[in-house]
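Have a look at the structure below, then the notes.
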Amino acid sequence: MPLKISVITAVFNRRDTVADAVQSIQRQSYENVEHVVQDGGSQDGTLEVLQDLANANTQLVSAQDAGIYDAINKGIERATGNVVGLMHSDDIFASDRVLEKVAAAFQDPSVEGVYGDLQYVSATAPGKIVRHWKSGEYDPDLLKRGWMPPHPTLYLRASVFERLGLYDTSYRIAADYDAMLRYLVHGQINLVYIPEVLVKMRVGGVSNRSLRHIIQKSQEDYRAIRTNEIGGIGTLAMKNFSKLGQFLKQSHRE
């Protein structure tokens, strides 16, 4: 039986963008895909959009949650696939063959995680690239320099969550960073890189909305770094400074 991929979408009041995310999944060439949608009780028409677009592969639940990571955890718990990844309600796949390539990488039974590159695009003009995140090949030593795989491109075997746990909801912004460090440092999972853009993400995420959020993000990143014992303030500084090159390289191309 072919590998089954569960794609989790945690959504709350994203009527204007969620259709793009759903249709991006439904256009994928790989067929054995389950779309697990965890709606947080949207009141802006999002739920109606989701219901209109739902097909036989859609698993839709709408219920209150305690935030995005709690919603993602609920979605993972409902997932029935061998492999689990995310599609945020503001994102789209870079091509219709992304999940086909992810599934091919998992044909090696030793592979526990797959990731690729990410492009940040304009919220109002998704064809305009704002930032290009070329992640590169994984090396455990890079974690001490603030490296991590782009979270929206990361696909993991369901067994990784079973063995190493879900997202720690005590983090409000950086639970993804903490989880990835836990899987890579403590779990030492075998990670494989697909050297191409897998996901396009609209700018304007929660971690960059205000100075207060940026400060909170840095505080949570530092906590994750210390909790997972991969460095200190220097690791945090390198993590933040590494983003500058992604903007500069894009500007040079333009």
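Here are the numbers for the structure shown:
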| quantity | calculated |
| --- | --- |
| Qualifying positions in region 36-76 - surrounded by 17 or more Cβ atoms within 10 Å (Cβ to Cβ) and either touching a residue at least 60 places away in the same chain (Cβ under 8 Å) or of a type in the set (D, E, K, R) (or both) | Asp39, Asp65, Gly67, Ile68, Tyr69, Asp70, Ala71, Ile72, Asn73, Lys74, Gly75, Ile76 |
| Options Val84, Val111: the member that is touching a strand residue (DSSP E or B) at 6+ places or on another chain (Cβ under 6 Å), at pLDDT 95 or above and surrounded by 19 or more Cβ atoms within 10 Å (Cβ to Cβ) | Val84 |
| Looking only at region 170-187, and only at residues there that are assigned to a helix (DSSP H, G or I) and of a type in the set (Ser, Thr, Tyr), the one that is farthest from Ala158 (Cα to Cα) | Tyr177 |
| Test: residue in region 89-105 that is over 16 Å from Ser29 (Cβ atoms), outside any loop (DSSP other than H, G, I, E, B) and not hydroxyl-bearing (Ser, Thr, Tyr) | yes |
| Flag for Asp108 being farther than 22 Å from Arg14 by Cβ and part of a strand (DSSP E or B) | no |
| Count of residues meeting criterion [more than 14 Å from Ile92 (Cα to Cα) and either in a loop (DSSP other than H, G, I, E, B) or more than 18 Å from the chain's Cα centre (by Cα) (or both)] in region 1-38 | 11 |
| Members of region 195-254 that are aromatic (Phe, Trp, Tyr) and either part of a strand (DSSP E or B) or at pLDDT 90 or above (or both) | Tyr222 |
| Top-ranked residue in region 127-167 [being in a loop (DSSP other than H, G, I, E, B) and surrounded by fewer than 18 Cβ atoms within 10 Å (Cβ to Cβ); ranked as modelled with the lowest pLDDT] | Gly127 |
| Count of region 168-202 residues which are crowded, with 20+ Cβ neighbours inside 10 Å, β-branched (Val, Ile, Thr) and within 18 Å of Arg223 (Cβ to Cβ) | 1 |
| Enumeration of residues in region 47-81 that are assigned to a loop (DSSP other than H, G, I, E, B) and either over 24 Å from Met1 (Cβ atoms) or more than 17 Å from the chain's Cα centre (by Cα) (or both) | Ala54, Asn55, Ala56, Asn57, Ala63, Gln64, Asp65, Ala66, Gly67, Thr80 |
| Condition broken by Ala79, with the remaining ones in (1) under 16 Å from Glu100 (Cβ atoms); (2) of a type in the set (A, V, I, L, M); (3) touching a Ser or Thr at 6+ places or on another chain (Cβ under 6 Å) satisfied | (1) |
| Test: Arg145 is out of contact with any Ser or Thr (no Cβ under 8 Å at 6 or more places or on another chain) and not acidic (Asp, Glu) | no |
| Lone qualifier among Ala104, Ala125 - being without any contact (Cβ under 8 Å) to a residue 12 or more places away in the chain and closer than 19 Å to Gly81 by Cβ | Ala104 |
| Residue selected from region 18-35 under the condition among the polar types (S, T, N, Q) and surrounded by 19 or more Cβ atoms within 10 Å (Cβ to Cβ), by the criterion nearest to Met87 (Cα to Cα) | Ser24 |
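The rows are residues; the columns are (1) among the aromatic types (Phe, Trp, Tyr); (2) touching a Phe, Trp or Tyr at 6+ places or on another chain (Cβ under 8 Å).
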| residue | (1), (2) |
| --- | --- |
| Gly85 | no, yes |
| Leu99 | no, yes |
| Tyr120 | yes, yes |
| Glu137 | no, yes |
| Asp141 | no, no |
| Leu164 | no, yes |
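The values are calculated or read from the model by the stated rules, or taken from the named source; none is laboratory data. Model, not experiment: these values are computed from the prediction. As a convention, Cβ positions derive from the backbone with ideal geometry for all residues, glycine included, and neighbour counts pool all protein chains shown.
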